[in-house]
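Following this message is one structure expressed as structure tokens.
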Amino acid sequence: MTRLTIALAALLALLASGCFDPELGPNPFICASSGKLCPDGYSCKNKICVRDDITDAGAPKVEQQPRPDGLKATKDGTVYLDGAIVKTGGNCLDKDVEPNNSAATATPITGSGFIPGWEICYAGDVDQYKIKLDAGQKLIVKVKFYNSKGDLDAALVDPGGFVVDSSRESKDDETVHTTAVQAGDYVLGVWGFDGAVNSYDLDVTIN
């Protein structure tokens, strides 16, 4: 058997256990609909085959779930909300509600208003907030901070787990907004670009 034949056989085996899509970057397979969902060394997470060996600088393995968002990759590529490094304690401004690094532990926000006193206080911190909307309601969230002290980014995820808006500017403040197509809990994620830390305030408008 020639090397070319062996290579083709290996490729066919991979494709049989998950559709290859190079645009997915480090996790280039979409889970198969039946049979073996992913190639060896990958696990199916949110319909994407995620490498089993993904770790963060020697820390314990952390599950990462890329959100299929249909958005063009900007400053930091694919939006990752789950899979942040979770720490507790410390002197974070918002330590009373930490950890809120996942949709399951997201801090609830009820109604419109200015909500001060939040912080991304270590590299890998992702603050998440749960906002209940009725179908047709409009939501605007401004994440207010001074970019010179640390560049923060934000994304908004719908009840189905899809990113409906993200803001990744390199200037003061980020704004995300949506009109709810379906009723349910929308999740706001705030994190530091390239490990940045900073304090911030939220200005929420629901109408």
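Are there any strands (runs of 3 or more DSSP E) wholly within the range 165-207 with 3 or more residues that are over 18 Å from residue 101 (Cβ atoms), and if so which? Before the answer, list the steps.
Working: elements: 174-179, 184-192, 198-206.
Passing ranges, in order: 174-179, 198-206.
Return the residue satisfying two criteria in turn: it lies in the range 148-166 and is of a type in the set (A, V, I, L, M, F, W, C) and touching a helix residue (DSSP H, G or I) at 6+ places or on another chain (Cβ under 9 Å), and of such residues it is surrounded by the fewest Cβ atoms within 10 Å (Cβ to Cβ).
Going residue by residue through the range 148-166, those that are of a type in the set (A, V, I, L, M, F, W, C) are 152, 154-157, 162-164.
After this cut, where a residue has to be touching a helix residue (DSSP H, G or I) at 6+ places or on another chain (Cβ under 9 Å) as well, the list is 152, 157.
On the way: 152: 28, 157: 26.
Among them, the one singled out is 157.
Mind telling me which of the residues 111, 89 ends up being over 20 Å from residue 168 (Cα atoms), surrounded by fewer than 13 Cβ atoms within 10 Å (Cβ to Cβ) and at pLDDT 80 or above? Reasoning before the result, please.
On the way: 89 fails: at pLDDT 80 or above.
None of the others qualify; the one that does is 111.
Can you go through 180, 155, 104, 123 and tell me which one is under 26 Å from residue 48 (Cβ atoms) and without any contact (Cβ under 8 Å) to a residue 12 or more places away in the chain? Can you show your working first?
On the way: 180 fails: without any contact (Cβ under 8 Å) to a residue 12 or more places away in the chain; 155 fails: without any contact (Cβ under 8 Å) to a residue 12 or more places away in the chain; 123 fails: without any contact (Cβ under 8 Å) to a residue 12 or more places away in the chain.
So the residue among 180, 155, 104, 123 that is under 26 Å from residue 48 (Cβ atoms) and without any contact (Cβ under 8 Å) to a residue 12 or more places away in the chain is 104.
One line per residue, one yes/no per condition, for (1) at pLDDT 95 or above; (2) out of contact with any strand residue (DSSP E or B) (no Cβ under 7 Å at 6 or more places or on another chain); (3) crowded, with 17+ Cβ neighbours inside 10 Å:
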{"residue": "168", "(1), (2), (3)": "no, no, yes"}
{"residue": "172", "(1), (2), (3)": "yes, yes, no"}
{"residue": "181", "(1), (2), (3)": "no, yes, no"}
{"residue": "190", "(1), (2), (3)": "no, no, yes"}
{"residue": "194", "(1), (2), (3)": "no, yes, no"}
{"residue": "199", "(1), (2), (3)": "yes, no, yes"}
{"residue": "202", "(1), (2), (3)": "yes, no, yes"}
{"residue": "205", "(1), (2), (3)": "yes, no, no"}
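The values are calculated or read from the model by the stated rules, or taken from the named source; none is laboratory data. Everything quoted here is computed from the prediction, not taken from an experiment. We place every Cβ from the backbone using ideal geometry, glycine too, and count neighbours over all the protein chains shown.
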